[in-house]
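Student: The structure under discussion is supplied below as structure tokens; questions concerning it will follow.
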């Protein structure tokens, strides 16, 4: 049991859900529903989940976490019975019924009542069984696991339930090929890491804008920056010059003196500031034609890695920021990650951490592993991974939430 007055650990991650055009449709919010490491009993585990939803999501503001999108939230029988959904806005929340629930008459009646209250209902990891059929009559979304369901069965499910007006969501879509198959099969929504995988086109040429960005990135990875060379490169692209001056003169720095020249702007930022700005400014340009969530996730990762490094005090936080920022570079420029990282001459310790070839003692690799496991909601591993990074486990969740808010504010203000 947790001592009275001790604050429960907050763990909330978000995973993107896309529509057929690869546009962001919603986030599934993954929260800590099993607090066994803290030796809670079942009742306290439910209380921990309620704490996360009530005090974390509502205090921070769902609008800040979701940026105008819907939220899929997992509910078991106890949470449904406790009426936890009533504290959440019905126009925003999709109540996701876990596959582990026992579809008793009481549960079915409860779900019908929730649906009649105006909440959307999703069935998680759906497997067609007679006892679950009553739930399909009120379901707005059915989620199907591509990893555990045969293609033949998926096609049958699509034939049966799509005509009933139910949106079909493909879970664990890991590759572009899987996404294309699922889209052609008729799925409406898609969840997984497929959007972050590159589509290799033989003999493709890097567009001129991307080439400028890569040259600028390569230049900023040098140990000693050549300010004159950087000024020439930035002047070569009007949008980059505009972004730099807007960034330097923005409220982020609260400077009394404004500047309208590239050279002085670079001096104001300093070497670490330049590396950070270049990473942020070039990312949207590299992502032209790609899902906007690629940019969002890259920036969230950059800030999250940086915060973990600051909390652990064992790694240069600027290196951790760059590592997170470039972790999806392969998907941005459509080439294998090792080639993408080589194209910008990234520091070997960062490159090895991203490629999984780093020695065991590489703290950046440990931070990146913790980041990926947190995004996936693998709560059982987080405590040990946090300890390996020298980070208090209780601080990880707050660092992630702060990172999502930081990224969303940065993108909404247009400072990059």
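Student: What ranking of 18, 304 emerges when the number of other C-beta atoms within 10 Å of each C-beta is taken as an exposure proxy, fewest first?
Tutor: 18, 304
Student: Here is a follow-up. Quick one: Debye curve from the alpha-carbon atoms of the range 300-355 only, equal weights, vacuum; give me log10 I(q)/I(0) at q = 0.15 Å⁻¹ to two decimals.
Tutor: -0.39
Student: Kindly give Rg over Rh for the range 291-416, based on alpha-carbon atoms, with the Kirkwood expression for the hydrodynamic radius.
Tutor: Computed over Cα atoms, the ratio is 0.95.
Student: Still on this structure, please answer the following. What is the helix-to-structure angle for 363-375, meaning the angle in degrees between its Cα long axis and the longest Cα principal axis of the chain, kept from 0 to 90 and rounded to the nearest 10?
Tutor: Tilt relative to the chain: about 40 degrees.
Student: Could you give the Stokes-Einstein D for the chain in µm² per second, using the C-alpha Kirkwood radius, 20 °C, 1.002 mPa s?
Tutor: D = 93 µm²/s.
Student: For helix 262-286, report the angle its Cα long axis makes with the longest principal axis of the Cα atoms of the chain; keep it between 0 and 90° and round to the nearest 10°.
Tutor: Its long axis makes an angle of about 40 degrees.
Student: For the range 208-334, compute Rh as the Kirkwood radius over C-alpha pairs and then the Stokes-Einstein diffusion coefficient at 25 °C and 0.890 mPa s; write the answer in µm²/s, rounded to an integer.
Tutor: Value of D from the Cα-based Kirkwood radius: 162 µm²/s.
Student: Restricting to the chain, compute how many DSSP beta bridges are antiparallel as a %, nearest 5.
Tutor: 30
Student: Separation of the range 152-189 and the range 217-243 by C-alpha centroid, Å?
Tutor: Going from one Cα centre to the other spans 45 Å.
Student: Okay, next question. Which order do 325, 84 fall in if you start with the one that has the fewest other Cβ atoms within 10 Å?
Tutor: Listed from fewest to most nearby Cβ atoms, that is 84, 325.
Student: Take every Cα pair under 8 Å in the chain that's 6+ residues apart, average their separations, divide by the length, and report that relative contact order as a whole percent.
Tutor: Dividing the mean separation by the residue count of the chain yields 15 percent.
Student: Below 8 Å between Cα atoms, with a sequence gap of 6+, how large is the relative contact order for the range 208-413 in percent?
Tutor: Reported as a whole number, the value is 20 percent.
Student: So how far, in whole Å, is the C-alpha centre of the range 274-304 from the one of the range 343-416?
Tutor: Going from one Cα centre to the other spans 15 Å.
Student: Can you give the alpha-carbon Rg of the range 338-378 over 2.2 N^0.38 Å, where N counts its residues?
Tutor: 1.22
Student: By counting other Cβ atoms within 10 Å of each Cβ, how are 238, 12 ranked from fewest to most?
Tutor: In increasing order of surrounding Cβ atoms, one gets 238, 12.
Student: Mind grabbing the base-10 log of I(q)/I(0) for the range 81-147 at q = 0.13, 0.15 Å⁻¹? Debye formula, identical points on the C-alpha positions, no solvent, two decimal places.
Tutor: Calculated log10 I(q)/I(0) at the listed q: -0.33, -0.44.
Student: On C-alpha positions alone, give me the angle between the axis of helix 292-312 and the longest principal axis of the chain, in degrees, nearest 10.
Tutor: 80
Any read-out appearing in this document is the output of simple, stated calculations on the displayed coordinates, not a laboratory observation. Source: prediction; values computed, not measured. Please note: Cβ atoms are built from the backbone with ideal geometry, for glycine as well, and neighbour counts cover all protein chains shown.
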